[in-house]
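Engineer: Take a look at the following structure, please.
The values are calculated or read from the model by the stated rules, or taken from the named source; none is laboratory data. Just so you know, these numbers come straight off a predicted model, no measurement behind them. In this analysis, Cβ positions are derived from the backbone assuming ideal geometry, glycine residues included, and neighbour counts consider all displayed protein chains. Surface areas here come from the heavy atoms of the whole protein model, side chains and all, with no ligands, DNA or RNA. Shrake-Rupley method; radii C 1.70, N 1.55, O 1.52, S 1.80 Å.
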Amino acid sequence: MPLTVRPRRKRSTRIIVTLLCGLLPIIIGTVILHMQAERTLEQSSRQTAEEALRQFDLMLDNTAQSARELLPLAGQTCEDVKLALREQVTRRPFVRSTNLVWDNNLYCSSLFGDFKEAVNPGDYTQGKLWLMNGNPVTPDTALLVYRLSDGRGGALTTLDGYHLSNILRLIGRQTLLLLQVGNNWLSADGKVHQGVLPELPVAQSTLNSAHYAYTVSAGFPEDETWNYMSDEYPPLFSLLIFFGAVSGAIGYIVQNRATSPSHEMLRALEAGEFIPYFQPVVYGDNKRWSGCEVLMRWNHPKEGLVRPDLFIPFAEHSGLIVPMTRSLMQQTAVVLGPLSASFEAPFHIGINITASHCHDLELLEDCREFLAAFAPGSISLVLELTERELIEPTAITHQLFAQLRAMGVKIAIDDFGTGHSSLGYLRTFNVDFLKIDQTFVAMIDKDALSRHILDSIIELSAKLDLGIVAEGVETQVQADYLAAHHVNFLQGYLFGKPMPAADFIDALTHH
Ligand code: C2E
Ligand code: CA
Ligand code: CA
């Protein structure tokens with residue numbers, strides 16, 4: 001049944017929407033996890049830099065302490081102080097060598113004793129620290145020199161680069177760590193480089209020592225964030241994929257749920273799927289065509305032609321029946337209007353109207369528009385109101401029916417005999433025709449009681465001066481019986497089934 005058939009969206013659109021629903025939580029979750037990983041790496045890089053700073057400060061404290069102790073000896077002969085210089089080297093764990101300077105000349109060294117080498121204070125950052133790539137004793141081995149001077153005298157104490165690169169390597173296990181002094185920097189492999197510190201791609205953290213003239217920089221190599229995520233977050237990724245699957249499934253189900261009947265019908269109305277079929281009505285005596293009844297069909301794209309009793313109740317319930325009827329009347333006017341000049345006697349056109357269509361005066365405009373499409377006087381518009389659904393008389397309905405009458409529109413009571421319309425009702429709405437329900441016609445050759453009811457309906461209509469139409473005439477016996485009882489109009493498969501417009505026009509022109 002068409003009202004449970006659904007989907008309006010194209011398959012490709014549904015697949016895309018489903019994928020989006022599934023991917024969205026995964027993408028958002030991954031972005032959040034990525035941010036979280038970056039934060040964690042930033043924290044870790046900062047902590048590493050702080051720890052390295054603490055260690056370097058400790059070592060330099062040690063070196064500076066020995067320089068402080070030696071400085072007062074500067075100026076004395078090397079012979080007198082060389083033991084004191086060696087004592088510092090032995091006692092202090094991080095001191096590799098000690099030297100004394102007079103007038104910017106290194107004149108005494110813990111290693112060689114008497115010595116002679118010029119000292120350039122400009123080599124030292126802030127006059128204090130110089131990161132060297134080795135000296136004549138140990139070339140290509142990093143060395144950090146601490147310089148302390150006072151007047152003409154000075155002390156130089158050195159710290160082996162081995163200790164420094166050890167710190168860079170051990171503290172920074174997962175982290176890249178660099179030590180910069182002035183224009184030189186040391187990497188964890190113990191090499192001294194010249195120039196500015198390189199950028200560390202991820203979570204770089206650069207800290208200056210509060211006590212000495214050096215800088216430590218910590219960070220991670222490219223891709224570290226993703227590596228970290230794949231190491232640390234597998235359970236969270238599983239959770240994300242689970243959410244993605246659930247969300248995708250929900251998206252799929254929601255899309256594939258049937259649309260509401262009224263939604264589907266509105267679509268069909270806009271797509272012009274409700275079309276008129278025409279069934280001829282003949283005169284009871286000569287069986288010539290007196291007119292037709294317009295019957296709605298739903299030309300559904302998937303279900304094919306759908307019978308009205310399957311969808312009219314939904315249409316009435318949703319209120320769509322009014323625009324659907326209007327569309328049917330417009331299509332009928334387009335099909336039959338051009339032929340109307342050739343109609344001899346006024347051609348009856350029966351349109352089925354629901355009670356809800358009579359609650360306001362809109363119907364008047366629909367009928368006026370309909371009539372305007374035909375040659376004047378060429379047709380008789382008959383509105384068929386089913387007896388099962390009676391119209392409540394109100395001021396509006398009185399006005400409506402009075403004006404319809406003034407326009408020449410006729411009223412028929414459909415399915416007569418199945419409901420309970422009173423004589424008063426027939427008068428109130430100025431009924432012109434009674435359409436005898438097909439169940440009574442079907443009983444003509446079978447059931448005596450039904451035949452009595454049929455007879456009394458025919459009698460009643462004659463007394464009230466109403467036209468009478470018999471529906472569902474399928475056999476010659478029925479037709480003969482009704483003709484013998486002076487039933488004015490007959491409708492049924494015996495004379496013609498409901499047919500599409502083209503067939504009807506064809507049959508009409510040949511008739
Ligand atoms: P209805 O107004 O009583 O229409 C007559 C029904 O009897 C039609 O069914 C017609 O096809 C069928 N019929 C005609 N001759 C014979 C016959 O010899 N034997 C049998 N067994 N049936 C015959 P259909 O077209 O399926 O329509 C069913 C009902 O749906 C209609 O009953 C009417 O109440 C409603 N309907 C149809 N079109 C419209 C419409 O445009 N608006 C409204 N509100 N209701 C409509
Ligand atoms: Ca009808
Ligand atoms: Ca009927």
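Engineer: For each cysteine in the chain, check whether another cysteine's C-beta sits under 4.7 Å from its C-beta; list those where none does.
Structural biologist: Unpaired cysteines in the chain: CYS21, CYS292, CYS358, CYS367.
Engineer: Please report the accessible area of VAL89 (heavy atoms, 1.4 Å probe, ligands and nucleic acids excluded) in Å², nearest 10.
Structural biologist: 40 Å²
Engineer: Determine the shape class of region 380-511: with a ≥ b ≥ c the square roots of the Cα gyration tensor eigenvalues, call it rounded for a/c under 1.5, and otherwise prolate if a/b is greater than b/c, oblate otherwise.
Structural biologist: Cα axes put region 380-511 in the oblate bin.
Engineer: Karplus couplings for region 98-103 from phi (6.51 cos²θ - 1.76 cosθ + 1.60, θ = phi - 60°), rounded to Hz, Gly and Pro as x?
Structural biologist: Karplus-based 3J(HN,Hα) across region 98-103 equals 10, 8, 10, 10, 9, 6 Hz.
Engineer: Do any trypsin sites (Lys or Arg not before Pro) in region 423-497 lie in a DSSP loop with no more than 12 other beta carbon atoms within 10 Å, and if so, which?
Structural biologist: On the way: sites: ARG427, LYS435, LYS446, ARG451, LYS463; in loops: LYS446.
Qualifying residues, ordered by number: LYS446.
Engineer: Relative contact order of region 26-225: what whole-number percent is it, with Cα pairs under 8 angstrom and at least 6 residues apart?
Structural biologist: 23 percent
Engineer: How tilted is helix 395-407 with respect to the longest principal axis of the chain? Cα atoms for both, answer in degrees (0 to 90, nearest 10).
Structural biologist: It is inclined by approximately 60 degrees.
Engineer: Tell me which of VAL281, LEU336, ILE321 sits at the most positive position along the dipole axis of region 279-338, charges placed on C-beta atoms (Lys, Arg +1; Asp, Glu -1).
Structural biologist: LEU336
Engineer: With the full set of protein chains in place, find how many percent of the accessible area of the chain is carbon and sulfur; take the probe as 1.4 Å.
Structural biologist: The C+S portion of the solvent-accessible surface of the chain is 56 percent.
Engineer: Nearest 10 degrees is fine. How inclined is helix 321-336 to the longest principal axis of the chain, computing both from alpha carbons?
Structural biologist: 60 degrees
Engineer: Let me ask another. What is the angle, in °, between the Cα long axis of helix 261-270 and the longest principal axis of the Cα atoms in the chain? Nearest 10 is fine, range 0 to 90.
Structural biologist: For helix 261-270, the angle is close to 80 degrees.
Engineer: Here's something else I'd like to know. Multiplying the sequence separation of TRP226 and LEU361 by 0.36 nm and subtracting their Cα-Cα distance, what value in nm do you get?
Structural biologist: On the way: separation 135, 0.36 × 135 = 48.60 nm, distance 7.08 nm.
Residue separation times 0.36 nm, minus the Cα-Cα distance, leaves 41.5 nm.
Engineer: For region 26-225, with every protein chain kept in place, what is the accessible area per residue (1.4 Å probe, Å²)?
Structural biologist: For region 26-225, the per-residue accessible area is 50 Å².
Engineer: Give the Debye-formula value of log10 I(q)/I(0) at each listed q (0.12 Å⁻¹), with one equal scatterer per alpha carbon of the chain, two decimals each.
Structural biologist: Debye output, listed in q order: -1.04.
Engineer: To the nearest 500 deg cm²/dmol, what mean residue ellipticity at 222 nm is calculated for the chain from DSSP H runs of n ≥ 4 alone, each contributing -39,500 (n - 2.57), summed and divided by the residues?
Structural biologist: One gets -14000 deg cm²/dmol as the mean residue ellipticity at 222 nm.
Engineer: Using only the C-alpha atoms of region 54-101, find the volume of their convex hull and express it per residue in Å³.
Structural biologist: Spelled out: Cα convex hull of region 54-101, divided by residues, is 61 Å³.
Engineer: Can you give me the accessible area per residue for region 297-386, using a 1.4 Å probe, in Å²?
Structural biologist: Normalised by residue count, the accessible surface of region 297-386 is 43 Å².
Engineer: Arrange the peptides 165-176, 233-244 so that the one whose residues have, on average, the most other Cβ atoms within 10 Å appears first. Could the numbers behind the result be given before it?
Structural biologist: Working: 165-176: 18.3, 233-244: 14.2.
Descending mean neighbour count gives 165-176, 233-244.
Engineer: Could you work out how far apart the two model spin labels at GLU459 and ALA118 are, taking each label as a point 7 Å from the Cα in the direction of the beta carbon, and quote it in nm?
Structural biologist: 14.7 nm
Engineer: With every protein chain left in place, what is the accessible area of TRP289 in Å² (1.4 Å probe, nearest 10)?
Structural biologist: Counting only protein heavy atoms, the figure is 40 Å².
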